[in-house]
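Have a look at the structure below before the remarks.
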Amino acid sequence: MTCEQKWTSRAVRIPMLIVALSALVACSGSTVSGALIDPPPPSLTAPCGDPLRLPARDATQEEVERWWRADRANLLACGDKQAGLVAWIAGLLQAMSDDERQPRS
């Protein structure tokens, strides 16, 4: 190894070591309450309905409206599910922050 290669190798290793040690120091203040977190309700994590597949033919006005209503209903239900999941996460974050504010005994 030439002198230049040794210098480059050292120049890379030292900052990496500093970053790794910084990460360890940053995590040292973190504590785990020991509480297990329940997963969100399955109704909030189930996949949303797929859009309807249209046939390879001309559709009647009635069919188009019926398919549009079904797709629209799936889209609204998916939005409601997503809002429920966001609310569940917000509640979880609130509970975690409330737990951190309580004095440790």
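Only the coordinates and a few stated rules stand behind these numbers; no lab work does. Here the structure is a predicted model, which is why all the values come from computation and not from measurement. Positions of Cβ are generated from backbone atoms using ideal geometry, with glycine treated the same way; all protein chains shown enter the neighbour counts.
Normalising by the residue count of region 37-101, find the relative contact order in percent from Cα pairs under 8 Å and 6+ residues apart.
Working: 22 pairs, mean separation 30.6, N = 65.
The normalised contact order for region 37-101 reaches 47 percent.
Let me check I've understood the local charge: for Ala70, count other residues with C-beta under 12 angstrom from its C-beta, Lys and Arg +1, Asp and Glu -1. What total comes out? It would help to have the intermediate numbers written out before the result.
Working: positive: Arg53, Arg66, Arg69, Arg72; negative: Asp50, Glu63, Glu65, Asp71.
Spelling it out: positives minus negatives among the neighbours equals 0.
Which order, highest average first, do 57-66, 73-82 follow once you tally other Cβ atoms within 10 Å for each residue and take the mean per peptide? Let's see the in-between values first.
Details: 57-66: 9.7, 73-82: 12.6.
Result, highest mean first: 73-82, 57-66.
Jot down the per residue volume, in cubic angstrom and as a whole number, of the convex hull over the alpha-carbon atoms of region 37-101. Show your work: numbers first, answer last.
Working: hull volume 4.4 nm³, N = 65.
Taking the convex hull of the Cα positions in region 37-101, it is 68 Å³ per residue.
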